Amino acid sequence: MPSWPEKREYISSHHTRIDGPYKVSGAAKYPSDVQPEGWLYGMILRSKWAKAKITKIDLDPALKVPGIKAAVLAPAVEERQKSGADVTMRYYGEEIAGVAGTSKQACLDALKAIKVEATELPYVVREEDAKADDAPRVWDDAPNLSTPSTKETGTVDQAFGECAAVVEGFFTTPVQLHNPLETHGNTVSWKDDGVTCWASTQGITSVHDGLSKNLDVPASQVRVISEYMGGGFGAKFGPGVEGAIAAQLSKQAKAPVRVFLTRFDQNLAVGNRPSSFQKIKLGAKADGTLHAFEFDNFGTAGVGAGGATAGGGSGVALRAPYIYRVPNTRVKQATVAVDAGSARAFRAPSCPPSSFGMESIMDELAVKLGMDPIEFRIKNDTPAPDRADDPNDPANIRQKELKLGAERFGWKEKYKKPGSSPGPIKTGIGCAGSSWGGGGRGTKAEVEIHSDGSVEVRCGTQDLGTGTRTYIALIAADVFGLKPEQITVRIGDTRYPPSGGSGGSSTSPSVSPAILTTCTKALEALQTQTGVADARGSNWPDACKKLGVNPLVTQGQWEKGLSSTNTGGVQFAEVEVDTDTGFVRVKKVLVVQDGGLILNRLTCESQLNGGVIMGMGYALYEERVMDKNSGVVLNPNFETYKLTGLGEVPEIEVILFDMPERGVIGIGEPSTIPTAAAIANAVANAIGVRVSSLPITPQKVLAALGKDKLSA
Amino acid sequence: MSESNSKDGFSISRRSFLKSFGTSAAVAATAQVEAVAAELEKANKEKVIGPEAVPITLNVNGKPIQLTVEPRVTLLDAIRNMTPLTGSKEVCDRATCGACSMLVDGKLIYSCSMLALDAQGKKITTVEGLGEPGKLSKVQEAFIEQDALMCGYCTPGFVMSVTALLMKNPKPTEAEVRHSCAGNLCRCGTYPRILQAALKAAGISKTAKTEVISYAKLA
């Protein structure tokens, strides 16, 4: 049974990124940077209607624009035209066609030249409106609101009668947009001997398989490269419509074509986090034990839910009562379709909204019971009886995280009754917990050792900014007794042994075991082949010399025992609320997080910072706004879709629980789950009333305080 | 969608526009307007450029680069898409995110919002001009050391921003760094470490509190 070395010099150290020099100097080539010989610029024409039946598309005028080398219909449009079916645009921003030319300017002119005629159809873009019986139907064959699914445990109606305290609330979260800095896109070169695609993707294999299938090109003739990529957060899997369009343009133009979305288009069409509208009722016994829980939620995944997709999850369904165990529950969930871009997985799908709703109602109940919110959580965040003695159960881990975190945060000293801090600028604190799976699976890797002592480690995985490339070097260095600078790491190419997609916090628990086992096998093979008993460290150069002309190539794969699943995580937030302006300032966030064996402390801490900052955006600034009358996205750019900035970022303190015996688990998602909940609880604690809708804007704070003129 | 300034077929010279005012005004005013119009026509004749592409020379990182660009081409588009210097990124194309930041005659600008034509005769510095792997600037080294980067797409813009700040203000306070670099966005969340890197490059040490606790040793 393989195991992580107990003595680790580079693994678990504080190590800078080996690709740092390329990123800080502009030398790193992202898929949106590559300039293959003769490359063309490509752009996409999108529906300006929220819903319309296209009656005519004429691409010829585009082809006449000087510099334009190709014009194609979007694959779905072409297919429907060919089959004689209606070509219906189902949301503002859906793809119609693509053009490629020698300059961006030619493409802009070409898009304007394309003639499209359409009959507008009735549409509905907001959840509240779509629920109504007389709302225009998103899908002809089914109502917008799906039949809810209901799950019950125990006897909830009776149980509420037995509670000493009951609280109710209605909590909403918005549709959140991924907005990675590098938009979705690909540079595709379709030649007679195959397709090469530089993809901004979290899964080169997913792009590879998608292109092979969509373009009907043999899998062995498709190559996908993603050496660097500018962020994904869950939405970048598969070639996308934009990838298929880029490929067809390349085929027609007989030249490589780069199609990357504009920021505007990025916010219309390539995924989002579903909204939620959560009606929650929670009751507890006099001693503070949770006893009854009722939950009724709906949300939208855009056109990706309802009717034709049978109201499928698409991440709309939430986890309720999330990390808390309640013996009597009724959980009712539904989805509502609207004529807007479809949802996709977004960092810890379903968890941030679940955490927000649950942790908010928990704090309400704690206040009603007169119990300290931390004590209330310690009482109720417990493992299932059969896991009570399992130190690795997330609830047991969170018990320790709550206690230690509260002490380090100064919870007892800082906690005041809600709304009791003096003056117009009120301070408050809040906390929230999280749970996430993570975990790894099959990954293959390859190590090539050369007689000059140089060594390459190859794996078809991705580094999204997560530090994958770096920990591969650290692991190899520790196995071979070398320095990380002596390891050449090659990733992001489907020519290398396959790994899975980078999602679900599964990359490090998938890749790191494969690297460890493969390097260990490679070392053994080197020693066997050369007869050197211990080839590590200072013996390395001489051992390698004995290899002779042919380098030694060793293949290996992921094995059990080096990774596991399920993390906890708790966050504490301190805020200041200006009750005259409604402005919320986050002063400090403390993260107490476990992640099994930490591969690289430096990059792990950055991930935790990043999760908090994204969660803060969810709490205070981000929401996609649809215009009821025109059906368009009102805020598809950064001046109106607001991200957390350097000016807002609070002091973030990180405490990492080191649990090497659990192996590697994955840390990308846990850190963004409880942040908004902790901040929302801190705001409620500060001002004494609850804003139960994200984002917590100044207007909502003033309204909660009864100071908003609009609501007067 | 970013709209280009398209030619819609309507064209009027400034002189004739001003003249149309002159005919309905008093004689004195007409004479004045005529004089201004004459000056403008002279100026117009010398400076009408485009809409077709024209040759330009840009001074980038100390080297002249010759390009042929339409007047509507931005400095970002020209450098990023017409030269191998792809370090500056197009992220928003409308002056809201800073990923395209360049120094032009020592001033930090959003290159997506400057026309390539207007950058002629000026000294342009891109991130590639600050350093390269093996020979990085103090700011670039500080970024790596403090891990002020993750996916790296915002990094060139921030490196430019911090470099520009330290050129003007070699010992900034934390508040000054936040204010100066507030025009750069990051989605991965590297802000705390960018702050640390900026201060480190200025010779000021600031670290965030991080701690690793052995779970096995916890009570």
Checked A:Asp627, A:Asp658 against criteria (of a type outside the set (Ser, Thr, Tyr) and more than 11 Å from chain B (Cβ to nearest Cβ)); the one match is A:Asp627
Here the residues within region B:173-219 that are facing chain A (nearest Cβ under 9 Å) and of a type in the set (Asp, Glu) are B:Glu211
Restricting region B:85-124 to residues that are within 10 Å of the chain's Cα centre (by Cα) and of a type in the set (Ser, Thr, Tyr), the one nearest to the other protein chains (Cβ to nearest Cβ) turns out to be B:Ser88
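Within the group B:Ser161, B:Ser101, which residue is out of contact with any Lys or Arg (no Cβ under 7 Å at 6 or more places or on another chain) and either basic (Lys, Arg) or within 25 Å of B:Thr207 (Cβ to Cβ) (or both)? So that I can check it myself, show each step before the final result.
Numbers: B:Ser101 fails: either basic (Lys, Arg) or within 25 Å of B:Thr207 (Cβ to Cβ) (or both).
Of the residues listed, the single one that is out of contact with any Lys or Arg (no Cβ under 7 Å at 6 or more places or on another chain) and either basic (Lys, Arg) or within 25 Å of B:Thr207 (Cβ to Cβ) (or both) is B:Ser161.
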Within region A:597-611, is there a residue that is within 13 Å of another protein chain (Cβ to nearest Cβ), in a strand (DSSP E or B) and either without any contact (Cβ under 8 Å) to a residue 60 or more places away in the chain or within 24 Å of B:Thr207 (Cα to Cα) (or both)? yes
Check your understanding: In region A:468-481, is there at least one residue being away from chain B (no Cβ under 14 Å), surrounded by fewer than 23 Cβ atoms within 10 Å (Cβ to Cβ) and assigned to a loop (DSSP other than H, G, I, E, B)?
Key -> yes
Note on region A:385-410: residues more than 14 Å from chain B (Cβ to nearest Cβ) and surrounded by fewer than 20 Cβ atoms within 10 Å (Cβ to Cβ) are A:Pro385, A:Asp386, A:Arg387, A:Ala388, A:Asp389
Sole miss for A:Gly615 among (1) more than 9 Å from every other protein chain (Cβ to nearest Cβ); (2) in a loop (DSSP other than H, G, I, E, B); (3) not aliphatic (A, V, I, L, M) is condition (2)
Practice task
State yes or no: is A:Ile361 without any contact (Cβ under 8 Å) to a residue 40 or more places away in the chain and in a helix (DSSP H, G or I)?
Solution key: no
Exercise. Within region A:678-692, can one find any residue that is without any contact (Cβ under 8 Å) to a residue 40 or more places away in the chain and more than 27 Å from A:Arg377 (Cα to Cα)?
Worked result: no
Taking region A:587-646 and keeping residues over 20 Å from the mean Cα position of the chain (by Cα) and among the charged types (D, E, K, R) leaves A:Lys587, A:Lys588, A:Arg601, A:Asp627, A:Lys628, A:Glu639
Restricting attention to region A:203-224, the residues that are aliphatic (A, V, I, L, M) and under 22 Å from A:Ser508 (Cβ atoms) number exactly 3
Apart from one, (1) in contact (Cβ under 8 Å) with a residue 60 or more places away in the chain; (2) crowded, with 16+ Cβ neighbours inside 10 Å; (3) not aliphatic (A, V, I, L, M) all hold for A:Lys368; the odd one out is (2)
Does A:Ile655 satisfy the condition of being part of a strand (DSSP E or B), β-branched (Val, Ile, Thr), at pLDDT 95 or above and over 21 Å from the mean Cα position of the chain (by Cα)? yes
**Asked** Right, A:Thr461: crowded, with 19+ Cβ neighbours inside 10 Å, closer than 12 Å to A:Ile204 by Cβ and polar (S, T, N, Q) or not?
**Response** yes
Given the conditions (1) in contact with an Asp or Glu (Cβ under 8 Å, 6 or more places away or on another chain); (2) within 22 Å of A:Met659 (Cα to Cα); (3) part of a strand (DSSP E or B); (4) not aromatic (Phe, Trp, Tyr), every one holds for A:Ser505 apart from (3)
By my count, helices (runs of 4 or more DSSP H) wholly in region B:138-219 with at least 2 residues that are under 19 Å from B:Ala95 (Cβ atoms) are B:155-168, B:174-180
Here the residues within region A:640-652 that are farther than 16 Å from B:Asn184 by Cβ and either surrounded by fewer than 20 Cβ atoms within 10 Å (Cβ to Cβ) or more than 7 Å from every other protein chain (Cβ to nearest Cβ) (or both) are A:Thr640, A:Tyr641, A:Pro650, A:Glu651
Within region A:226-247, of all residues that are under 26 Å from A:Ala71 (Cβ atoms) and surrounded by fewer than 24 Cβ atoms within 10 Å (Cβ to Cβ), the one farthest from the other protein chains (Cβ to nearest Cβ) is A:Gly238
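The values are calculated or read from the model by the stated rules, or taken from the named source; none is laboratory data. These numbers come from a predicted model, not from an experiment. All Cβ positions, even for glycine, are placed from backbone atoms using ideal geometry, and neighbour counts span all protein chains on display.
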